[in-house]
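For reference, the structure is listed below as structure tokens.
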Amino acid sequence: MNRTRTALLAALTLVAGASGTAFAALPADSGVAAIPCTVDYKVQNQWSTGFTAAVTVTNNGAAKSAWQLKWSYAGNQRVTSAWNAKVTQSGTAVTAANEGYNGQLATGGSVSFGFQGSYSGTNAIPATFTLDGVTCNVDDGGSGGPGGPTDPPPNPSGKVDNPYAGAKGYVNPEWSAKAAAEPGGTRVSNQPTGVWLDRIAAINGVNGGMGLRDHLDEALKQKGSGELYIQLVIYNLPGRDCAALASNGELGPTEIDRYKKEYIDPIAAILADPKYAGLRIVTTIEIDSLPNLVTNVTPRATATPNCDVMKANGNYQKGVGYALNKLGDIANVYNYIDAGHHGWLGWDDNFGPSADMFKTAATTEGATVADVHGFIVNTANYSALKEDHFKITDTVNGTSVRQSKWVDWNRYTDELSYAQAMRDKLVSIGFDSKIGMLIDTSRNGWGGTQRPTGPGATTSVDTYVDGGRYDRRIHLGNWCNQAGAGLGERPRANPEPGIDAYVWMKPPGESDGASKEIPNNEGKGFDRMCDPTYTGNPRNNNNMSGALPDAPISGQWFSAQFRQLMQNAYPPLS
């Protein structure tokens, strides 16, 4: 069942299995009395005799060290088991009390729990909820009466079709300052880039830097009276980056509970703050995760033990599903799942199975496909947006382009064709027909003096492809700090059919990984693919890495790369 994307009045008569959603409190300066608490009660799955439900409680009153939520059923529903709360029932009356670990409920804070129940007949949504005796979902002293509905939100139609359309993008002042400090950097320092939440500490800010609330507050200042989107990269899965080392994370393979409670839950609580309801918040969910469970597991030649562990324990799927579920319930959050790139998933044995893996994750831990607004490709990668000088259907002296060493039987030559094809595939397996794709163009311009102006010579299929391709990497599998790369298309909305936007999700100038081992407290290892002397592995067909020298650890500023990206920008910088 698709979860509704819009808030529904709890007092409406709802069909069995629908979602009943309480409204968030209005801002203090709205002229309307505050709502003391809100309850979001959703039936997630339902069958002939039973159902599962998820409940999120937001406290807008004084902070609590313990809490009790109560409601009554109109029918014969019975709670049979629960998680993250102690749930008891007497007749139709239900009480949910905190567990020992989630009793603290700050002002503006939220807590979530779930349960399984049985029913017969109609599975009606409860009309009234009380938190410690105070009625929720009602203006404090307002005219709605006990348990009555509040006024509908300003935008009852829910999410916009494309959060990028008609909106300006958030410029991260921390990145912008670094870019502007480089010679010629002011030409691009006003571009919107992604804010990476790559560890728990990043939520509150690292080493005196901006935390999530700081960025959201700054976004409100930049917004003014128009529309503004802010892009967040959700990137802290247990056992992160299982096929590489440069971006290993802080959480071990089994720490799924920490991921949920210490990472996703705090992020969700902040994003749900009514203060930020006017922002369009775009989330890129866990780059480089789910595709690894297809391409880098046994019996593939590219398998790694770490990826085998993550496939066996299911924590990538659980983590992504949990993030989609929690964040997708927030009315102004737009979730985009990372879908790799054509040089990773463009082959037949990767393409379909990866789409199926995305569907599995999007229907895990309470998530549904309705929690997915779209997908993003080429995140932090270098694949060319569009190759103009050769097509996948071309032949040279009777030999298909697919047989060239560069294409190597791939079905796609560039990111645009791959993104559009992946979108069609995802819709065919059950994702919403309105999903949109994002393409990260931050470092795939490949301009400068080396940019070809026409096709290569037709002496062989390899000379034809290699002479005409914009992407100048040694191999499609090379991903770390690539020499010769340039800034790509500037961020903009609706550039091609099915594409919501070109984006700079990876901030240009931030390193992909250290070119040599550098001790650090961020859990980031040394990956030989970032070493310019490395001769390769099966994932890049044992070619040189093509990486720039003297790079810092991933995420840190890499001045030499930024200057090269500007030099080789396409379209060129003016």
Quiz prompt | Counted residues, the stretch 230-262 - those being in contact with a helix residue (DSSP H, G or I) (Cβ under 6 Å, 6 or more places away or on another chain), under 26 Å from ASN102 (Cα atoms) and outside any loop (DSSP other than H, G, I, E, B) | solution = 5
Quiz item: If you go through the stretch 535-557 one residue at a time, do you hit one that is assigned to a helix (DSSP H, G or I), in contact (Cβ under 8 Å) with a residue 40 or more places away in the chain, farther than 22 Å from ILE285 by Cβ and open to solvent by 10 Å² or more (accessible area, probe 1.4 Å)?
Solution: yes
Self-check item: Matching residues in the stretch 330-376 - criterion: being closer than 19 Å to GLY498 by Cα, in a loop (DSSP other than H, G, I, E, B) and among the small types (Gly, Ala, Ser)
Solution: ALA339, GLY340, GLY346
Exercise. Return the pairs, sorted by first residue and then second, in which the second residue is open to solvent by 10 Å² or more (accessible area, probe 1.4 Å) and part of a loop (DSSP other than H, G, I, E, B), the first residue lies in the stretch 413-438 and is without any contact (Cβ under 8 Å) to a residue 24 or more places away in the chain, the beta carbons are less than 6 Å apart, and the residues are 6+ apart or on different chains.
Key: VAL427/SER433
Quiz item: Which residues, taken from the stretch 318-344, are within 11 Å of LEU290 (Cα to Cα), open to solvent by less than 10 Å² (accessible area, probe 1.4 Å) and in contact (Cβ under 8 Å) with a residue 60 or more places away in the chain?
Solution: GLY319, VAL320, ALA339
Self-check item: Filter result (open to solvent by 30 Å² or more (accessible area, probe 1.4 Å) and in a helix (DSSP H, G or I)) within the stretch 188-229
Solution: ILE200, ALA201, ARG213, ASP214, ASP217, GLU218, LEU220, LYS221, GLN222, LYS223
Quiz item: Quick check, is GLY205 on the phi > 0 side of the Ramachandran plot and out of contact with any helix residue (DSSP H, G or I) (no Cβ under 8 Å at 6 or more places or on another chain)?
Solution: no
Self-check item: Options ASP394, ASP414; residue that is of a type in the set (D, E, K, R) and either over 28 Å from VAL233 (Cβ atoms) or touching a Phe, Trp or Tyr at 6+ places or on another chain (Cβ under 8 Å) (or both)
Solution: ASP394
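Which ones in the stretch 390-429 are open to solvent by 80 Å² or more (accessible area, probe 1.4 Å) and part of a loop (DSSP other than H, G, I, E, B)? Steps first, please.
Pass one, the stretch 390-429, residues open to solvent by 80 Å² or more (accessible area, probe 1.4 Å): 391, 393, 395, 397, 403, 405, 409, 411, 424, 428.
Those that are open to solvent by 80 Å² or more (accessible area, probe 1.4 Å) and part of a loop (DSSP other than H, G, I, E, B): LYS391, THR393, ASN397, LYS405, TRP409, ARG411.
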Practice problem: Determine which single condition GLU365 fails, assuming it passes every other condition in (1) within 19 Å of the chain's Cα centre (by Cα); (2) open to solvent by less than 40 Å² (accessible area, probe 1.4 Å). | Solution: (2)
Quiz item: Of these, GLY340, GLY321, which one is at pLDDT 95 or above and closer than 30 Å to LYS42 by Cα?
Solution: GLY321
Self-check item: the stretch 450-478: number of residues that are part of a loop (DSSP other than H, G, I, E, B), open to solvent by 50 Å² or more (accessible area, probe 1.4 Å) and at pLDDT 95 or above
Solution: 7
Exercise. Being among the β-branched types (Val, Ile, Thr), farther than 30 Å from SER112 by Cα and assigned to a loop (DSSP other than H, G, I, E, B) is the filter here, so list the residues in the stretch 263-311 that pass it.
Key: VAL297, THR298, THR302, THR304
Self-check item: Count of residues meeting criterion [under 17 Å from THR122 (Cβ atoms) and either open to solvent by less than 10 Å² (accessible area, probe 1.4 Å) or of a type in the set (A, V, I, L, M, F, W, C) (or both)] in the stretch 43-69
Solution: 5
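The values are calculated or read from the model by the stated rules, or taken from the named source; none is laboratory data. Nothing here was measured: the structure is a model prediction, and the numbers come from that model. Heads up, the Cβs are rebuilt from the backbone with ideal geometry, glycines too, and the neighbour counts pull from every protein chain shown. Surface accessibility is based on the protein's heavy atoms, side chains included, excluding ligands, DNA and RNA. Shrake-Rupley method; radii C 1.70, N 1.55, O 1.52, S 1.80 Å.
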